[in-house]
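Structure first, commentary second.
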Amino acid sequence: MPLRRLDHLLVLTDDLEATRRFYCDVLGFEPGERPPLEFPGHWLCLDGEPCVHIAERAAYEAHAATLGLPAQEAAVDHVAFAAHGYDELAARLAAQGVEAVTNDVPAAGLRQLFVTDPNGVRIELNVR
């Protein structure tokens, strides 16, 4: 199977704007072009690439059901993003009132910040 990379993740939400604000205002994602789809949402980009999709939960689940895709419970613990500028990132989170759990992995030359989005999605921010 010729998999190449993770393309995107979809976050389902009951509050599109709060979720969009978190990813854009707190984490620094940029809004991207989104094709017309059967449910409301946003595509959010890093370095010009759409990597986080957010969708209104009920509308997405209704559309998915028409495709034969049943609603499912999350089985993923967290999603991780590579970042840079640890101090700047930590200050940005604090300025937005976002609590972060910190962890250092010296053997890997890694500093981590763990935050939770408005929907309960745990996000790991890795700074090498």
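Pairs of Cα atoms under 8 Å, at least six residues apart: use those to get the relative contact order of the chain, whole percent.
In percent, rounded to a whole number, it is 22.
Does the stretch 1-71 come out rounded, prolate or oblate by the C-alpha gyration tensor, with a ≥ b ≥ c the root eigenvalues, rounded set by a/c under 1.5 and, if not, prolate when a/b is larger than b/c and oblate if not? Don't skip to the end; give the middle numbers.
Working: a/c = 2.07, a/b = 1.17, b/c = 1.77.
Oblate, since a/c reaches 1.5 and b/c is not below a/b.
Rounded to whole Å and ordered largest first, report the semi-axes of the equivalent ellipsoid of the chain derived from its Cα gyration tensor (root of 5λ).
Ellipsoid half-lengths, sorted descending, are 28, 17, 14 Å.
Which percent of the accessible heavy-atom area of the chain goes to carbon and sulfur, probe 1.4 angstrom? Please list the in-between numbers first.
Working: 4460 of 8390 Å².
The computed percentage sits at 53.
Out of the DSSP beta bridges found with both residues in the chain, what percent are antiparallel (nearest 5)?
Taking every DSSP beta bridge within the chain, about 65 percent pair in antiparallel fashion.
Can you work out ³J(HN,Hα) from phi for every residue in the stretch 25-41, in order, using Karplus 6.51 cos²θ - 1.76 cosθ + 1.60 and θ = phi - 60°, giving whole Hz and x for Gly and Pro?
6, 8, 9, x, 5, 10, x, x, 5, 10, x, x, 10, 7, 8, x, x
Give, as a single signed number, the net charge of other residues whose beta carbon lies under 14 Å from the beta carbon of R122, with Lys and Arg counted +1 and Asp and Glu -1. Mind showing how you got there, number by number?
Details: positive: none; negative: D77, E99, D117, E124.
Residues near R122 contribute -4 overall.
With a 1.4 Å probe and every protein chain left in place, work out the accessible area per residue of the chain in Å², rounded to a whole number.
66 Å²
Under a Cβ-Cβ cut-off of 13 Å, what is the net charge of the residues other than T13 that fall near it, where Lys and Arg count +1 and Asp and Glu count -1?
Taking every Cβ under 13 Å from that of T13, the sum is -3.
May I ask you to order 65-74, 18-27 by the average number of other C-beta atoms within 10 Å around their residues, highest value first? Can you show the working numbers first?
Working: 65-74: 8.6, 18-27: 18.4.
Going from most to least packed, we get 18-27, 65-74.
The values are calculated or read from the model by the stated rules, or taken from the named source; none is laboratory data. Worth saying up front: this structure is predicted, and the values here are computed from it rather than measured. Using ideal geometry, Cβ is built from the backbone for each residue, glycine included, and neighbour counts are taken over all protein chains shown. Only protein heavy atoms, including side chains, enter the accessible area calculation; ligands, DNA and RNA are left aside. Shrake-Rupley method; radii C 1.70, N 1.55, O 1.52, S 1.80 Å.
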